[in-house]
Amino acid sequence: MATVDITREHSLGKESAREKAQLLADKLAQKLDATCTWEGDDLKFKRSGADGCISVYEDKVRVTVKLGLMLTPMAGMVKGEIEKALQKYLG
């Protein structure tokens, strides 16, 4: 089992960052067939073989993803895709 953990600072403010996190989650849901739900400032997502959370703060966003055994070999690719998406949505 592998864990991808990325923290990215931003200057958007919490509400704007939440909106961007929702856009990222929508993309994840579509691409990975994942379900997404908000719990406070944490956006939890889950699919077969992977689950994670996008935590939104005033000045940063943290993305953690736990990959099951079948997806562990793809950890590097998953990390790269998340970093690209964070760059796109958070600038």
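Could you figure out which of (1) among the hydrophobic types (A, V, I, L, M, F, W, C); (2) in a strand (DSSP E or B); (3) over 24 Å from Gly91 (Cα atoms) isn't true of Phe45? Of (1) among the hydrophobic types (A, V, I, L, M, F, W, C); (2) in a strand (DSSP E or B); (3) over 24 Å from Gly91 (Cα atoms), only one is false for Phe45: (3). Out of the residues in the range 15-37 that are under 21 Å from Gly91 (Cα atoms) and crowded, with 16+ Cβ neighbours inside 10 Å, state the one that is modelled with the lowest pLDDT. Only one residue tops the list, namely Leu28. Restricting Gly40, Gly52, Gly80 to those that are small (Gly, Ala, Ser), surrounded by fewer than 18 Cβ atoms within 10 Å (Cβ to Cβ) and modelled with pLDDT under 95 reduces the list to Gly80.
Please indicate, with yes or no, whether at least one residue in the range 6-14 is out of contact with any Cys (no Cβ under 8 Å at 6 or more places or on another chain), assigned to a strand (DSSP E or B) and more than 19 Å from Leu90 (Cα to Cα). Checked the range 6-14: no residue is out of contact with any Cys (no Cβ under 8 Å at 6 or more places or on another chain), assigned to a strand (DSSP E or B) and more than 19 Å from Leu90 (Cα to Cα).
Right, Lys88: within 17 Å of Lys27 (Cα to Cα) and under 12 Å from the mean Cα position of the chain (by Cα) or not? It is false that Lys88 is within 17 Å of Lys27 (Cα to Cα) and under 12 Å from the mean Cα position of the chain (by Cα).
It is to be established whether one or more residues within the range 58-73 are assigned to a strand (DSSP E or B), surrounded by fewer than 16 Cβ atoms within 10 Å (Cβ to Cβ) and out of contact with any Asp or Glu (no Cβ under 8 Å at 6 or more places or on another chain). Scanning the range 58-73 turns up no residue that is assigned to a strand (DSSP E or B), surrounded by fewer than 16 Cβ atoms within 10 Å (Cβ to Cβ) and out of contact with any Asp or Glu (no Cβ under 8 Å at 6 or more places or on another chain).
Restricting attention to the range 57-89, report how many residues are among the β-branched types (Val, Ile, Thr) and more than 17 Å from Phe45 (Cβ to Cβ). Residues meeting the conditions: 1.
Scanning the range 34-54 for residues that are of a type in the set (D, E, K, R), in contact with a strand residue (DSSP E or B) (Cβ under 6 Å, 6 or more places away or on another chain) and touching a residue at least 12 places away in the same chain (Cβ under 8 Å) turns up Asp41, Asp42, Lys46, Asp51.
The values are calculated or read from the model by the stated rules, or taken from the named source; none is laboratory data. Please read all numbers here as calculations on a predicted model, not as lab measurements. Because the Cβ atoms are built from the backbone with ideal geometry, glycine has one as well, and the counts that use them run over all protein chains shown.
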